[in-house]
Amino acid sequence: MPPAPKSRNTFTLEQAVGAAPSLAALQERIRESRWCLDQVQHLIPAGLRAHVRPGPLQDQEWCLMVSSAAASTKLRQLLPALQLALTQRGAQVTAIRIKVQASGR
């Protein structure tokens, strides 16, 4: 089957985001979530960092995605320190939750 012809109206990701406010809002939330992880990364033990990914940030609640229940348990112990670090850096995060997500990469 031959490939579909390319549309002459192609957009870059930045153009698409600029044209769709909902995409722009999503991109901003992703950026903020990554920023939050950058702010607390130093508090997460080196061996655990590879198992933690920034998740959704919505309504002042930030979700951290972890690869296993063991990682979740270890990270849960750090939540007060993570919350304090975010507050000190001006983040508008009032709650952090942890979600275990099996890696399907």
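Every number here is computed from the coordinates shown, using simple stated rules; none is lab data. Quantities reported herein were computed from a predicted structural model and do not represent experimental measurements. Positions of Cβ are generated from backbone atoms using ideal geometry, with glycine treated the same way; all protein chains shown enter the neighbour counts.
How do Cys36, Cys63 rank when sorted from fewest to most other Cβ atoms within 10 Å of their own Cβ?
Least crowded to most crowded, the residues run Cys63, Cys36.
Would you mind checking which residues have amide H under 5 Å from Ile98's amide H? H placed 1.01 Å from N; only 5 or more apart, or other chain.
Those lying under 5 Å, H to H, from Ile98 are Leu64.
Treating only the Cα positions of the range 13-100 as identical point scatterers, give the base-10 log of I(q)/I(0) from the Debye formula at each q in 0.16, 0.22 Å⁻¹.
-0.63, -1.02
In the range 13-100, what percentage of the DSSP-assigned beta bridges are antiparallel, given to the nearest 5?
Among the beta bridges of the range 13-100, antiparallel pairing accounts for roughly 45 percent.
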